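Chemist: This is the structure I want to talk about, given as structure tokens.
The values are calculated or read from the model by the stated rules, or taken from the named source; none is laboratory data. Note that the coordinates shown come from a computational prediction; the quantities given were computed from them, not determined experimentally. Positions of Cβ are generated from backbone atoms using ideal geometry, with glycine treated the same way; all protein chains shown enter the neighbour counts. Ligands, DNA and RNA are stripped out before the accessible areas are found, and what is left, the full protein with its side chains, is counted by its heavy atoms. Shrake-Rupley method; radii C 1.70, N 1.55, O 1.52, S 1.80 Å.
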Amino acid sequence: MSGSSTKVILAALAGNTAIAITKFVAAGITGSSAMLSEGIHSLVDTGNQGLLLYGMRQAKRPPSEEFPFGHAKEIYFWSFVVAILIFAVGAGVSVYEGIRHIRDPQPMSSTLINYIVLGLSILFEGGSWFVALKEFGKTKGSLGYIEAVRRGKDPSMFVVLFEDSAALAGLVVALIGITPAELTGQAWFDGAASVVIGIILGITAIWLAMETKSLLIGESACAHVIRGIRQLLHEEQRIEKINEVLSMHMGPDDVLVTISADFRDDVPAGEVEQAIERIEQAIRARYPEVKRIFIEAESAATARAITST
């Protein structure tokens, strides 16, 4: 895992911890439903960053007899858990609190505290969001942000960006809900804001779950990596036909590649072994993220028979 991912998560963890405490204190003083939902949101985000750090630590464990391919997929699992927690805890509690306050609206007190806390939260959350956006921008290259998320292999990076974006949107909604509740005396505005915050969190969680699910199942390497590997195979004169090139991300920087190639019949076994070694070295030199390569020499007819069964 890259150091930039750790930097982004630590920045978000520090910010959300301070913000969560401040929001809960403000909610206790003012009785604001939207502020309570925001406090729950920040608390969930804090726990999520802790889970991501735990997942990154677990992913670094070396291979063992029980897990011969290592534990790199741990980061994918814990990212999926984060998405579930955002939906179940963050969105669920926010919607519940909002509906409860709409049905039984309670007037707020000391509303100035809410405005101060929301202003400071927007400032701190914006700083965390800027760090996440800046680091994500370095990794996405020329791709658009949505396309980069879809193609991204390091969920710890875009999970934090999604969380911070949802947090900023939630803060704006809380501000919009508290203001008319104070000006008109209609406390249900505050509860309605809490429901909207829950919906924002729910949408964020569903999107995150969809993006991390494919990585957890076993997403292939990027298209340009596969094209590059095929190009290297075509350059090997002893290969008559490339049957298939399969790949799977075991982790953000850990790719497994299996190759089935039909070598020329007139090539001695010793030269086939040398060719395989050259191909492996060339692939690793060009794509350091490819950690494991399995090359099988088999005829095209055999490969077709296997794939058709």
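Chemist: Taking the conditions exactly as written (assigned to a helix (DSSP H, G or I) and farther than 30 Å from Ala72 by Cβ), does Leu120 satisfy them or not?
Modeler: Spelling it out, Leu120 is indeed assigned to a helix (DSSP H, G or I) and farther than 30 Å from Ala72 by Cβ.
Chemist: Given the conditions (1) within 18 Å of Gly126 (Cα to Cα); (2) crowded, with 24+ Cβ neighbours inside 10 Å; (3) not charged (D, E, K, R), and given that Leu168 satisfies all but one, which numbered condition is not satisfied?
Modeler: All conditions pass for Leu168, except number (2).
Chemist: Could you look through the range 236-274, keep only residues that are within 21 Å of Gly70 (Cβ to Cβ) and either without any contact (Cβ under 8 Å) to a residue 12 or more places away in the chain or not in a strand (DSSP E or B) (or both), and pick out the one that is most open to solvent (accessible area, probe 1.4 Å)?
Modeler: To start, the set of residues in the range 236-274 that are within 21 Å of Gly70 (Cβ to Cβ) comprises 246-259.
Restricting the remaining residues to those that are either without any contact (Cβ under 8 Å) to a residue 12 or more places away in the chain or not in a strand (DSSP E or B) (or both) gives 252-253.
On the way: Pro252: 13, Asp253: 74 Å².
Step by step, filter the range 236-274, then rank; the result is Asp253.
Chemist: Output the number of the condition that Val159 fails; it satisfies all remaining conditions of (1) touching a helix residue (DSSP H, G or I) at 6+ places or on another chain (Cβ under 7 Å); (2) within 30 Å of Lys73 (Cβ to Cβ); (3) surrounded by fewer than 17 Cβ atoms within 10 Å (Cβ to Cβ).
Modeler: Checking Val159 against (1) touching a helix residue (DSSP H, G or I) at 6+ places or on another chain (Cβ under 7 Å); (2) within 30 Å of Lys73 (Cβ to Cβ); (3) surrounded by fewer than 17 Cβ atoms within 10 Å (Cβ to Cβ), the one that fails is (3).
Chemist: Quickly run through the range 126-137 and pick out the residues that are within 13 Å of Phe158 (Cβ to Cβ) and open to solvent by 50 Å² or more (accessible area, probe 1.4 Å).
Modeler: Trp129 - this is the single residue of the range 126-137 that is within 13 Å of Phe158 (Cβ to Cβ) and open to solvent by 50 Å² or more (accessible area, probe 1.4 Å).
Chemist: Residues that are of a type in the set (Lys, Arg) and surrounded by 17 or more Cβ atoms within 10 Å (Cβ to Cβ), at least 1 per element: which helices (runs of 4 or more DSSP H) completely within the range 1-88 meet that?
Modeler: Output list reads 3-30.
Chemist: Ok, one more. Would you confirm whether any residue within the range 90-109 is open to solvent by 70 Å² or more (accessible area, probe 1.4 Å) and either within 24 Å of Lys213 (Cα to Cα) or within 18 Å of the chain's Cα centre (by Cα) (or both)?
Modeler: No, every residue in the range 90-109 fails to be open to solvent by 70 Å² or more (accessible area, probe 1.4 Å) and either within 24 Å of Lys213 (Cα to Cα) or within 18 Å of the chain's Cα centre (by Cα) (or both).
Chemist: Go through Gly185, Gly152 for me and flag whichever is open to solvent by 10 Å² or more (accessible area, probe 1.4 Å), under 30 Å from Cys222 (Cα atoms) and not hydroxyl-bearing (Ser, Thr, Tyr).
Modeler: Result of the check over Gly185, Gly152: Gly152.
Chemist: With on the phi < 0 side of the Ramachandran plot, in a helix (DSSP H, G or I), modelled with pLDDT under 80 and of a type in the set (Gly, Ala, Ser) as the only criterion, which of Ser142, Ser156, Ser165, Ser109 stands out?
Modeler: Ser156
Chemist: Please specify each residue of the range 51-85 satisfying the condition of being more than 18 Å from Glu219 (Cβ to Cβ) and among the polar types (S, T, N, Q).
Modeler: Answer for the range 51-85, where residues must be more than 18 Å from Glu219 (Cβ to Cβ) and among the polar types (S, T, N, Q): Gln58, Ser64.
Chemist: Can you tell me which condition Thr30 does not meet? The list is (1) touching a Gly at 6+ places or on another chain (Cβ under 9 Å); (2) under 23 Å from Ile176 (Cβ atoms), and all the others hold.
Modeler: Condition (1) is where Thr30 drops out.
Chemist: Suppose we filter Leu233, Leu183, Leu215 for residues that are more than 17 Å from Gly98 (Cα to Cα), in contact (Cβ under 8 Å) with a residue 60 or more places away in the chain and assigned to a helix (DSSP H, G or I); which single one remains?
Modeler: Selected residue: Leu215, the only one of Leu233, Leu183, Leu215 that is more than 17 Å from Gly98 (Cα to Cα), in contact (Cβ under 8 Å) with a residue 60 or more places away in the chain and assigned to a helix (DSSP H, G or I).
Chemist: Of all the residues that make up the range 204-230, how many are loosely packed, with under 15 Cβ neighbours inside 10 Å and of a type in the set (Val, Ile, Thr)?
Modeler: 2
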